[in-house]
């Protein structure tokens, strides 16, 4: 059915209108936090509340820059999330490649068991993690957070990468096998270069989740110098007062690294998503 010019224009207006509405709806809390971070302490508590700051100021950001957020919390979050994401993607790549290319007795059951592990709430294992970290002397260390994060995200990464490996034609690997390549050589020289968008997508999703992770960090990290950024937001509230302008400024500062990372890798991310959607 051929659509007229007016129908196409109407469809474009409706599509962009709906997408614009939901974009504004989703971005409004972030924009409001940004506006609040640019207010002073008194303007935040005015009634009725104002969207734009009556007096633009960087007072909240000055408080953040003098806090431990820059000195400890952000570096701790970067180390824990980045290293855990790299380790998770490496192990998940090997496991998902095996599940995609090799069929053995019990392989399907093992895959379903891994999916079952992904469905277990993190709160279920929290006490066990704390007890193990205490017995091993790993509380308030990067080691315990990297181990816990890797164990928590590995099932998710395996299932994400399994779909990308399934989308790569197996005929390419068979041709390399005829030329005498081993399984590891095929994985390294043939499959991985084609799976780079999928690997980066898995890394990005895991990195964003771990960057914002709060539950494990608040329980396993009690020292001020070991806290991560989400836990460090507690610093901007006391028993009797909450510095809302500094709290929102800290939230914006924590948000920026992930926004920059996504902007830099958006082309690879979207190409991987489109490729997965078309081949899936």
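The values are calculated or read from the model by the stated rules, or taken from the named source; none is laboratory data. Keep in mind the model is a prediction, meaning the values are calculated, not measured. Cβ coordinates were reconstructed from backbone atoms using ideal geometry, including for glycine residues, and neighbour counts include every protein chain displayed.
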### Task
Say whether the condition of being free of Cβ contacts under 8 Å to residues at least 60 places away in the same chain, over 22 Å from residue 216 (Cβ atoms) and part of a helix (DSSP H, G or I) is met by at least one residue in the range 75-89.
no
### Task
For the range 210-245, enumerate the residues that are part of a loop (DSSP other than H, G, I, E, B) and closer than 23 Å to residue 46 by Cβ.
238, 240, 241, 243
### Message
Checking the conditions here, which among 99, 118 is surrounded by fewer than 18 Cβ atoms within 10 Å (Cβ to Cβ) and in a helix (DSSP H, G or I)?
### Response
118
### Answer from 90, 83, 98 - the residue that is modelled with pLDDT of 90 or more, under 23 Å from residue 160 (Cβ atoms), out of contact with any helix residue (DSSP H, G or I) (no Cβ under 7 Å at 6 or more places or on another chain) and in the same structural domain as residue 185 (by TED's automatic domain parsing)
90
### Message
Let me confirm something: among 124, 150, which residue is within 30 Å of residue 231 (Cα to Cα), in a helix (DSSP H, G or I), out of contact with any helix residue (DSSP H, G or I) (no Cβ under 8 Å at 6 or more places or on another chain) and in the same structural domain as residue 84 (by TED's automatic domain parsing)?
### Response
124
#### Entry: Selection count where residues are more than 19 Å from residue 79 (Cβ to Cβ) and over 15 Å from the mean Cα position of the chain (by Cα), scope the range 179-223
19
### Query
Of 52, 21, 10, which residue is outside the structural domain of residue 246 (by TED's automatic domain parsing) and loosely packed, with under 10 Cβ neighbours inside 10 Å?
52
